[in-house]
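Student: This is the structure I have questions about; it appears just below.
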Amino acid sequence: MTLMRRFFDWWGGELARVVPGPLRRAVWPRRPVIAAEPGPDGLHLTLRQGRAAPLGPLETLPARQRQRLTRAVRVNQAETVLALPADRVITRRVTLPLAAEPDLAAMLPFEIDRLTPFSAEEIYYAHRVIDRSPGTGKLEIDLIFIPRADLAGEECALAEAGLTPARIDLSLPSGGLAGLDLMPRREVARRSPGQTLAIGLGTVCALLALAFLVVKDRTLADTLEDRQRQLSQLRRAAIARSEALPRASATDLLAVAAYEAKKARPRAVDLLTDLTAALPDDTWLISLSLSQQELRINGTSADANALIGIFERHRRFSNPVFRAPVTLAPQDGRERFTISAEIAVPEAGQ
């Protein structure tokens, strides 16, 4: 049991290290923080768990104590934070339209070139909202950043000690942390072999679960085919019996006609198969709705207008139209569309 507990502690820790910081802190909100603060004589470590407990300079830290800290970080029992004093970072006050606030995090990387003498790839940065003015429609933020080259020494020292920082924050005069994260998630250090193994084990579990679902789905499909085969046999027997009767009632004739009309309509699985084969590789669907007479799709494509011609030439569909104006997706410049088309009923013999 002890060996299994250690294994799951290790596995959970390695998987947690590749989870985004905000989500990880929400799941483990009370983990101790090992704050590494640059000083004149190197990095000073402080253990923050309720209150701050100084550990001393990293270079003079006893080997046994350093091993305990490294082990705690590895199994996700503690988090390393590079805590910078305010005089190490650059703060720039920026005024933006208030409407930009919902997309501010995604917009700032593209504005860094204009707001700073650096590109977004050359700095660690974060922002803090200072003021919102609905009356003037203005938003004031502080853009806080530091060139990455300025932290190369500190990052190297922490990496050698096995304490790669999960985030970069600011230390406050009161001794606490500002609660910022200047290190975007994409800049977390490369996965260690342990993390790769943990992710591999998780992938194997996911594949086994997927295989189970596929087998279960195949079993359901076989059962459905058996039921359809039985219904077909019952239908043929009913038709043979009705033909043997001297005269069919009007109700019977209407029931047979309704059944034949329903049978004539293509199956949903056939429509989806034809739609998948017809759409080009550069087209992605966001949503799809299917009724007895109409197909409606919403998605993005490199050439939305070309889809109309594809539907017009297809034997399954007719009268394709755009249900909304074609727009450009801001993320990748692809054309976003909404198209509906009537489902063609094949003639007898087709």
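Student: Looking at the stretch 153-170 only, could you name the residues that are surrounded by 14 or more Cβ atoms within 10 Å (Cβ to Cβ), of a type in the set (Gly, Ala, Ser) and under 17 Å from Leu61 (Cβ atoms)?
Tutor: If the condition is that a residue be surrounded by 14 or more Cβ atoms within 10 Å (Cβ to Cβ), of a type in the set (Gly, Ala, Ser) and under 17 Å from Leu61 (Cβ atoms), then Ala157, Ala161, Gly162 are the ones that fit.
Student: Those residues that are among the basic types (Lys, Arg) and over 15 Å from Val81 (Cα atoms), I need them from the stretch 40-70; list them, please.
Tutor: Those that are among the basic types (Lys, Arg) and over 15 Å from Val81 (Cα atoms): Arg51, Arg64, Arg66, Arg68.
Student: A follow-up question, please. Return the residues of the stretch 67-87 that are farther than 13 Å from Thr164 by Cα and of a type outside the set (Gly, Ala, Ser); say none if nothing qualifies.
Tutor: Gln67, Arg68, Val75, Gln77, Leu84, Pro85, Asp87, listed by residue number.
Student: Going by the conditions given, is Ser301 within 25 Å of the chain's Cα centre (by Cα), open to solvent by less than 40 Å² (accessible area, probe 1.4 Å) and either modelled with pLDDT of 85 or more or closer than 14 Å to Ser340 by Cα (or both)?
Tutor: yes
Student: Which of the residues belonging to the stretch 137-152 are closer than 12 Å to Tyr124 by Cα and open to solvent by less than 50 Å² (accessible area, probe 1.4 Å)?
Tutor: Result: Leu143, Ile144, Phe145, Ile146, Pro147, Arg148, Leu151.
Student: Of the conditions (1) in contact with a Leu (Cβ under 7 Å, 6 or more places away or on another chain); (2) at pLDDT 85 or above, Ala277 satisfies every one except a single condition; which number is it?
Tutor: (1)
Student: If you go through the stretch 126-158 one residue at a time, how many are outside any strand (DSSP E or B) and under 16 Å from Leu84 (Cα atoms)?
Tutor: So the count comes out to 11.
Student: Criterion first (more than 30 Å from Glu335 (Cα to Cα), open to solvent by 80 Å² or more (accessible area, probe 1.4 Å) and at pLDDT 60 or above) does Thr251 satisfy it?
Tutor: Numbers: more than 30 Å from Glu335 (Cα to Cα): yes; open to solvent by 80 Å² or more (accessible area, probe 1.4 Å): yes; at pLDDT 60 or above: yes.
Here the answer is yes, as Thr251 does meet what is asked.
Student: Moving on to the next point. For Arg323, are the conditions met, namely being open to solvent by 40 Å² or more (accessible area, probe 1.4 Å), free of Cβ contacts under 8 Å to residues at least 60 places away in the same chain, closer than 17 Å to Leu279 by Cα and under 31 Å from the mean Cα position of the chain (by Cα)? First the steps, then the outcome.
Tutor: Numbers: open to solvent by 40 Å² or more (accessible area, probe 1.4 Å): yes; free of Cβ contacts under 8 Å to residues at least 60 places away in the same chain: yes; closer than 17 Å to Leu279 by Cα: no; under 31 Å from the mean Cα position of the chain (by Cα): yes.
Answer is no for this residue.
Student: Specify which of the listed residues (Pro173, Pro117, Pro134) is under 30 Å from Gln77 (Cβ atoms), surrounded by fewer than 15 Cβ atoms within 10 Å (Cβ to Cβ) and not aliphatic (A, V, I, L, M).
Tutor: Pro173
Student: Restricting to the stretch 59-103, name every residue that is closer than 17 Å to Tyr125 by Cβ, crowded, with 16+ Cβ neighbours inside 10 Å and touching a residue at least 60 places away in the same chain (Cβ under 8 Å).
Tutor: Val81, Leu82, Ala83, Leu84, Val89
The values are calculated or read from the model by the stated rules, or taken from the named source; none is laboratory data. All figures in this text were calculated on a predicted structure; none of them were measured in a lab. Glycine gets a Cβ as well: all are built from the backbone with ideal geometry, and neighbour counts include every protein chain shown. Just the protein is used for accessible areas: all its heavy atoms, side chains included, with ligands, DNA and RNA removed. Shrake-Rupley method; radii C 1.70, N 1.55, O 1.52, S 1.80 Å.
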